[in-house]
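Please treat every number below as a calculation from the coordinates, not as lab data. These numbers come from a predicted model, not from an experiment. Backbone-built Cβ (ideal geometry, glycine too); neighbour counts: all protein chains shown.
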Amino acid sequence: MMLFLMRKVKMAVLLSLIASFVGCASIPAGVERSPQDPWEPFNRSVFEFNEGLDAYLLKPVVAGYRFVLPEFVREGVYNFFSNYNDIYTALFNLLQGKPDYALNDFMRVVVNTTMGLGGLIDLATPGGLEKHKEDWGQTLGVWGVPSGPYVVLPFFGPSNVRDTFGTVADLESDYLFSFVKDIGLRNSITGLRVVNARNTYYEAGDLLDGAAIDKYSFMRDAYIQRRAYQIDEGRDDEEPRMPPYENGYQ
């Protein structure tokens, strides 16, 4: 319990420090404000902080990662973490009332772990077992918890109030993050996961940077629509909820 409280205190202090550094960014002229984004000036500040962190730290590290490791090794790293995440996805699909999906995801773990060298090789996808991705935020959404306003989290990026609590729950329930006691090993695994995650959209980020768009608005709108779609997949309603949520937040 004490360890849990210390983590929350450290997170609160970190958020306060970041907020004091980034200040409040202005909204570009001609950009229409979104009703889902009442904290836009602050969100843009955190977005700019994340963009700077990515440009000056993450992207150079990932560039070195891609230079040093051949593609088949990077693919093996991706498959390993993907297989690990399938364990949680199976549980979340079960919690969302989707037993068929849960069984599919469980079988993915069995196949890739036993025949795919511990998950380094993805044999389940070409074998017809579809890949899913679920988390606590989606599960809460399927249970009927409203999303609340859009928010950009330091380091984690686009989110909303519901998904912020979901992110904390994801971290607290993540075995590799919470229960690996060796600090050096845990930090190494966490660093590799971050680099692997950034590597998956390495080239896509360059395309967005070169486009004549307001990148913040594009990523916000894409996130809101994508999360709505992901959550509606787990609903039994005949008529799905669709953005822009004219009657309030999702």
Q: Once you have the Kirkwood Rh of the range 98-239 from its Cα pairs, apply Stokes-Einstein at 4 °C and 1.567 mPa s and quote D in µm²/s.
A: 73 µm²/s
Q | Sum of side-chain charges, residue 113 neighbourhood, beta-carbon under 13 Å (Lys, Arg +1; Asp, Glu -1) | A | -2
**Q.** Amide H partners (placed H, <5 Å) of residue 160, local residues excluded
**A.** 151
Q) Is the range 47-110 rounded, prolate or oblate when judged by the Cα gyration tensor, a ≥ b ≥ c being the square roots of its eigenvalues, rounded requiring a/c under 1.5 and prolate requiring a/b larger than b/c? A) oblate
Q | Computed label-point distance, nm, for sites residue 155 and residue 182 using a 7 Å Cα→Cβ extension | A | 2.2 nm
**Q.** Cleavage-rule hits (GluC sites (Glu not before Pro)) in the range 91-188: DSSP loop, at most 12 neighbouring Cβ within 10 angstrom
**A.** 130
Q.
Let me check I've understood the local charge: for residue 132, count other residues with C-beta under 12 angstrom from its C-beta, Lys and Arg +1, Asp and Glu -1. What total comes out?
A. -3
Q. Taking the Cβ-Cβ separation of residue 168 and residue 229 as r and a Förster radius of 41 Å, what is the calculated FRET efficiency to the nearest 0.05?
A. 0.95
Q: Beta carbons within 10 angstrom, averaged per residue: use that to sort the peptides 48-61, 174-187, highest first.
A: 48-61, 174-187
(Q) Need the C-alpha centroid separation for the range 59-74 versus the range 179-205, integer Å. (A) 13 Å
Q) What shape does the range 93-147 take by its C-alpha gyration tensor, where a ≥ b ≥ c are the square roots of the eigenvalues and a/c under 1.5 counts as rounded, a/b above b/c as prolate, and the rest as oblate? A) prolate
